[in-house]
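Values quoted throughout were computed directly from the atomic coordinates according to the rules given, and no laboratory measurement underlies them. All of these numbers come straight from a predicted model, not from anything done at the bench. Here the Cβ positions follow ideal geometry from the backbone for every residue, glycine too, while neighbour counts run over all protein chains shown.
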Amino acid sequence: MSNRFRKIMIEYKYMPKLFWFTGQAGAGKTELSNALKTKLIREQTILQQNIVPKDIWSSIIPNYKFILIDGDDIRALYSNQDYSIQGRKENVYFVQKLCTFLIKNNIVPIVSMVSPFANQRSEFILENNGLEIYLKCNEIRGREDYHISYYEEPNNFCDSITIDTTGKSVEQSLDEIWRVGFLKNENKR
């Protein structure tokens, strides 16, 4: 087995069980969460179909399923238009309950939502062996009217990485998430 595929197997073995993208509107949460899901599925498929014998794969690495949970979609699905502090907290709490159910069923949630309160995010992410991915951006992207003044940056209570998407392509930001995020989890062994 080549070193590349051995490295991918190690990454999957120590993969977070939850990815939580957060940051202000327009930072790239939805686009990067979609790109991460695509990469996770592609890498897993390569390993399963072409490289690793099934008996080795199934004994080392579960067959993960990945699902995107986007804050805008959740609001549309449940007609939640309450953007007050309490409304935002309740929306995040609902997504956390949904994630708990998915994780128990061997499904890796990839959450993409503003979720402005650091303690609410970090406690849940820590409890579920997750990775918080905080995105920030200094470019004008047309979503600045949706920025909130009380957004709390990560408090480092849970595993978190900060990615500045300013001037970066989706691929560049995704490479940084893959490199830094998986390295953090692997080092927890």
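For segment 97-148, the set of GluC sites (Glu not before Pro) satisfying both a DSSP loop assignment and a count of at most 16 other C-beta atoms within 10 Å is given as Glu139.
Peptides 108-116, 30-38, 79-87 ordered by packing proxy, namely the average of other Cβ atoms within 10 Å per residue, highest first: 108-116, 30-38, 79-87.
Give me the percent relative contact order of segment 79-158, please, defined on Cα pairs under 8 angstrom at least 6 residues apart.
Normalised by residue count, the contact order of segment 79-158 is 32 percent.
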